[in-house]
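Enquirer: Can you read through this structure? Questions will come right after.
Bear in mind these aren't lab numbers, they're just calculated from the coordinates by the rules spelled out. Given the structure is predicted, the values throughout are model-derived calculations rather than measurements. A quick note on method: Cβ atoms are made from the backbone with ideal geometry, for glycine too, and the neighbour counts reach across all protein chains shown.
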Amino acid sequence: MFRKVLIANRGEIAVRLIRGCHELGITAVAIYSEADAESLHVRVADEAVCVGPAASTQSYLNIEAIINAAKSIAAEAIHPGYGFLAENADFARAVTAAGLKFIGPSAEAMELMGSKTSARRVAVESGVPIVPGTVDALNSFEEARKTAEEFGYPVMLKAAAGGGGKGMRLVTSSDELRSAFETAQTEAGAAFGDSALYLEKAIERPRHIEIQVFGDKHGNVVHLGERECSIQRRHQKVIEECPSPINDPELRRRMGEAAVKIGQTVNYTGAGTVEFLLSDATHEFYFLEMNTRLQVEHPVTELVTGLDLVREQFRVAAGERLSFTQDDVRWVGHAIECRIYAEDPSNNFFPSPGTITYLREPAGPGIRVDSGVANLSEVSIHYDPMIAKLAVWARTRDEAIERLRRALDEYQVSGITTTLPFFREVALDEEFVAGKLDTGFIARFNERRKVIEPPQEQLDLAMIAAAIDYSRHQQPVFVQGGNQIADGRWKMAGRQAGLRTWRKS
Amino acid sequence: MKLKAVIDDREEELTVQVDGGRVTAEIGDRVYDLELREPEPGSYLFFRDAEVLQCRVDKADGGFEVNLRGRKYAVTIIDPKRLRGGQDADRHHHGLTEITAPMPGKVVRVLIEAGASIEKGSGIVVVEAMKMQNKMKSPRAGVVAAITVKPGDTVNAGDVLAVVE
C-alpha cells in the first residue's frame, strides 16, 4: 500500500479521501489555492501544498503545479477526486509520466469513455442499447436543426466533452433550438475548453439510474448495483438513492451485467459509473454515459453494500485485487443522499456564497454527513457551491425518509442560503414518498408545491429573538450620530450604564 | 423597548422587555411571557411552560437571520429612535424596485430595453456566476425604468442591474 498520497481536490471530497487515507495509515497531502488556506480539507490533512491563486484554472486545474507539488513532497500517488482533473486523460498521463500512480482508470479508458460520442460507440460494441442520437459531434447549427427534425422534438443538446449537466439543454420545439444551441456551446466552451455538441432524442419521463462498477488490474469487473438519481435541477443531481424505489433485483441484474460488459470492453480499472436512462413505463434502459471516477453520490452505495469504495480505489491503484467478488455483494436496507448546495431554492437555485456564521450538522443513528465546511467557513464564488452531503440509511425506504426528515430538521446553516428548506419540503412530498421519480420531478414539484405558511407564533418568536439579539449588540443611543469611539474607562462605564437604561426602556 | 420588525414583507410593531431570565413581548394583540436562556452567543432558548423553542440568530444583509424549528426567517429590525433605521424603513415602501445582483458575476446579456413593459417573472439580465448563466427576473409587473449594466460588465453582490417601476 502507498505511504503518501496527494489529494488533488478540495471541499467535501478531499475530506472524504483524506479520511480514507487515514484509515489505511497513508499520509494525506492536501493541495489548496490561496483562497483555501484555512479550508476544512487543509485542516484535516497531514501535509498541504499551495498550488496557486484562487481561480481554479491556476490552482486545482494546474497540472504542472500539482505534479510539482506531489514530487516536492515525495507522494507516491495522486487521487483526483471528482470534477477538476478527475476525468482529464492528459493529467492521468502526466501523473504516470512523472513516475507517480494515478488513482483512477487508464488514460485510454478515460479517453474512450470521456468523449460521449466514442462512449456511445463502445456501448454499441458491448451490445448495450443507446438513446437514438448523433454518433459524431455536430458541425453546425444547420446540422443540429436537420438532425432535430429527423428525430422529432423534444431533443437534448449535450457537450461532447461534458459532464455534470454543463452545456446541456432540453429543446422542446424548433424555435428554441438556436438560442439553446448557442448557450450550450458557450457553456461547453467555458466549462471544458471544447464547445463541440451532440444531439439526442429526449426520452419522456425518464428515470436516471446509474450502476456503480469496479475493476481491478487482474481482469475482474463487478457491479455494486444501482443508484436512482432522477431528482435533478439543471441536469445536476440533488437527491440520490440506493436502491432505486423500483427495487427490482432482476432489473438490477440486467443493468449490472450491461454495465460490467462496458467495463470489460475498455479494460476498466478502479471505480466508475455507467449511467442509464430508464423508461418508467417499459423498464427499457439506454446507455447515457460513463463517469470514469468516484461519484459524488458514492456514499449511498457504501451505506447499502457496506463496502468502502475509496479503500478499494487505493487497493486497486496499488495493484491489489478487489477485496470482494460479485457474489459477495449484498444490498441491505435503503440509503438516501441530499446534496447541500449554497444556493437559493426559491430563486431558481441561484448560488448564494458567503460566510457560514453558524453550523450545526445532524448526527445520531443512520446519519452520515460528508462536509467540506466548518463553522465560519467562507463559501467562495470561485468553486462549486456544494458544501456537504447528507446521507441517511435505514432498513426500508419509508424509515429512511423518516430519518431524513429528522436529520434535515437538525441541520442548521446560517449566513448563507442553502437547499435545506427545499429538501425538507421534498421529504414530505407525496410523489417523493411514493417513489414516483423521473427527471421532471423538480419542475412538477415546483408547480404543485404549496407554500406552507409558518404559524404566526413562529414568526413572532423569530421577531422577538431578533429584537433581543439587536439589543445585545446595540450601541447606546447617546453615541449615535457621531463616529466617536469610546475609549477610557469612564466612557466605557458610561456606555454600559446607558445600555442598561436603554434595555429597560 | 419599542421596535418595528419586518418579516415576510410585513411590518409589525413590537414591545420587548428582557428582565433577567424572563422576556415579555407584545406584538399587536399577541402577548408572550417566556423564560429566556442564552446557551451561547446568538442562541436564544425560550421556554413557554415545558415547551422548548430554540432560536438561532445571525446577522445577515443589514438584518437578522433566525433559524427556528428547521425554518429560516429574515427579520429586519427598525428602531424608531435611530435615523438610519428610519431610512431603511422608507426604502421598503417607495414604488421603484431595484433588481440587484445576488452575488458577484459577469453580465452576459441584457434581455430587455428601458421603457419596456414587463410581466412578473420576465427575464431582464443574464448574469454568469459560478460557471452558471442565470436569468435575473423581475419580481413584479411594471415598466423598466432603467437598465444600469451592459454585457461584459462585472458586478458585485448588491449592485443594481435594473430598476422596475
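Enquirer: With a 10 Å Cβ neighbour count serving as the proxy for reagent exposure, in which order, fewest first, do A:361, A:453 appear? Mind dumping the intermediate values first?
Expert: Numbers: A:361 18, A:453 9.
So the residues, fewest neighbours to most, are A:453, A:361.
Enquirer: For segment A:125-223, what is the charge dipole size about the Cα centre, in debye to the nearest 20, if Lys and Arg each add +1 at the Cβ and Asp and Glu each add -1 at the Cβ? Don't skip to the end; give the middle numbers.
Expert: Values: 10 positive and 15 negative charges, 56 e Å.
That gives a dipole near 260 debye.
Enquirer: Rg and Dmax of segment A:4-103 over Cα atoms: what are they, in angstrom?
Expert: When restricted to Cα atoms, segment A:4-103 yields Rg and Dmax of 11.8, 32 Å.
Enquirer: Once both labels are modelled 7 Å past Cα along the beta-carbon direction, what's the residue B:97-residue A:136 spacing in nm?
Expert: About 5.0 nm, to one decimal.
Enquirer: Right, next: Could you list the square roots of 5 times each eigenvalue of the Cα gyration tensor of segment A:206-448, that is, the equivalent ellipsoid semi-axes, sorted largest first and rounded to whole Å?
Expert: They are 30, 21, 17 Å, listed largest first.
Enquirer: Out of A:351, A:466, A:222, whose Cα points farthest toward the positive end of the dipole of chain A (charges: +1 Lys, Arg; -1 Asp, Glu; placed on Cβ)?
Expert: A:466
Enquirer: Provide the three semi-axes, in whole Å and in decreasing order, of the ellipsoid equivalent to segment A:137-183 as defined by the square roots of 5 times the Cα gyration tensor eigenvalues.
Expert: Semi-axes from the Cα gyration tensor: 17, 12, 10 Å.
Enquirer: From the backbone phi of segment B:153-165, what are the Karplus-calculated ³J(HN,Hα) couplings (6.51 cos²θ - 1.76 cosθ + 1.60, θ = phi - 60°) in whole Hz, Gly and Pro given as x?
Expert: Each residue's phi maps through the Karplus curve to give 5, 9, 10, 9, 4, x, 5, 6, 9, 7, 10, 10, 10 Hz.
Enquirer: Return the Cα extents of segment A:32-172 along principal axes one, two and three, sorted largest first, each rounded to a whole Å.
Expert: Ordered largest first, segment A:32-172 gives principal extents of 56, 32, 24 Å.
Enquirer: Using each residue's phi in segment A:121-128, evaluate 6.51 cos²θ - 1.76 cosθ + 1.60 at θ = phi - 60° and report the 3J(HN,Hα) Karplus result to the nearest Hz, with x for Gly and Pro.
Expert: With the stated coefficients, segment A:121-128 comes to 5, 4, 4, 4, 4, 7, x, 9 Hz.
Enquirer: Please compute the length gained on full extension between residue A:190 and residue A:399, using 0.36 nm multiplied by the number of residues separating them and subtracting their Cα-Cα distance.
Expert: Details: separation 209, 0.36 × 209 = 75.24 nm, distance 4.26 nm.
Fully extending the segment from residue A:190 to residue A:399 adds 71.0 nm.
Enquirer: Along its principal axes, what span do the Cα atoms of segment B:107-165 show, with the longest given first and each in whole Å?
Expert: Cα spread of segment B:107-165 along its principal axes, largest to smallest: 30, 18, 18 Å.
Enquirer: Taking Rh as the Kirkwood radius computed over C-alpha pairs, what is the Stokes-Einstein D of segment B:2-91 at 20 °C in a medium of viscosity 1.002 mPa s, expressed in µm² per second?
Expert: Details: Rh = 14.1 Å.
The diffusion coefficient I find is 152 µm²/s.
Enquirer: Here is a further query. Work out, in µm²/s and without decimals, the Stokes-Einstein translational diffusion coefficient of segment A:183-271 at 4 °C, 1.567 mPa s, Rh from Kirkwood over C-alpha pairs. Could the numbers behind the result be given before it?
Expert: Details: Rh = 15.3 Å.
Roughly 85 µm²/s, to the nearest whole number.
Enquirer: Give, rounded to the nearest 20 debye, the magnitude of the charge dipole that chain A has about its Cα centre when Lys and Arg contribute +1 at Cβ and Asp and Glu contribute -1 at Cβ. Could the numbers behind the result be given before it?
Expert: Working: 57 positive and 69 negative charges, 290 e Å.
Here chain A has a charge dipole of around 1400 debye.
Enquirer: Computed over the Cα atoms of chain B, what is the convex hull's projected area averaged over all directions, in nm²? Mind dumping the intermediate values first?
Expert: Values: hull surface 49.1 nm².
Spelled out: convex hull of the Cα atoms, projected over all directions, averaged, 12.3 nm².
Enquirer: While we're on this one: Name the residues whose placed amide hydrogens come within less than 5 Å of the amide hydrogen of residue A:101, ignoring near sequence neighbours (fewer than 5 apart) on the same chain.
Expert: For residue A:101, whose amide H was placed from the backbone, the distant partners under 5 Å are A:77, A:78.
Enquirer: Taking the beta-carbon count within 10 Å as an exposure proxy, list B:96, A:404 from fewest neighbours to most. Don't jump to the answer; show the numbers that get you there.
Expert: Numbers: B:96 11, A:404 26.
Sorted ascending by nearby Cβ count, the order is B:96, A:404.
Enquirer: Okay, next question. If the viscosity is 1.567 mPa s and the temperature 4 °C, what Stokes-Einstein diffusion coefficient in µm²/s follows for the protein assembly as shown when Rh is the Kirkwood radius over Cα pairs?
Expert: Values: Rh = 27.3 Å.
Result for D is 48 µm²/s.
Enquirer: Right, next: Could you give the C-alpha radius of gyration of segment A:66-136 expressed as a fraction of 2.2 N^0.38 Å, taking N as the number of residues it contains? Could the numbers behind the result be given before it?
Expert: Numbers: Rg = 15.3 Å, N = 71, 2.2 N^0.38 = 11.1 Å.
Relative to the rule-of-thumb radius for its length, segment A:66-136 sits at 1.37.
Enquirer: Starting from the amide H of residue B:59, placed 1.01 Å from N in the peptide plane, find each other amide H under 5 Å away whose residue is 5 or more places distant or on another chain.
Expert: Amide H to amide H, under 5 Å and 5 or more residues apart or across chains, residue B:59 pairs with B:65.
Enquirer: Also, quick follow-up: Put a dot 7 Å past each Cα toward the Cβ at residue A:332 and residue B:119; how far apart are the dots in nm?
Expert: For residue B:119 paired with residue A:332, the spin-label model returns 5.5 nm.
Enquirer: To make sure I understand the rule: partners must be lysines, Cα under 17 Å from the Cα of residue B:2, and not fewer than 8 residues away in the same chain. Which ones qualify?
Expert: In chain and number order, the partners are A:504, B:81.
Enquirer: Sticking with this one: Taking θ = phi - 60°, what integer Hz values does the Karplus form 6.51 cos²θ - 1.76 cosθ + 1.60 yield along segment A:293-305, in sequence order, with x for Gly and Pro?
Expert: 6, 6, 8, 3, 8, 4, x, 5, 5, 4, 5, 7, 8
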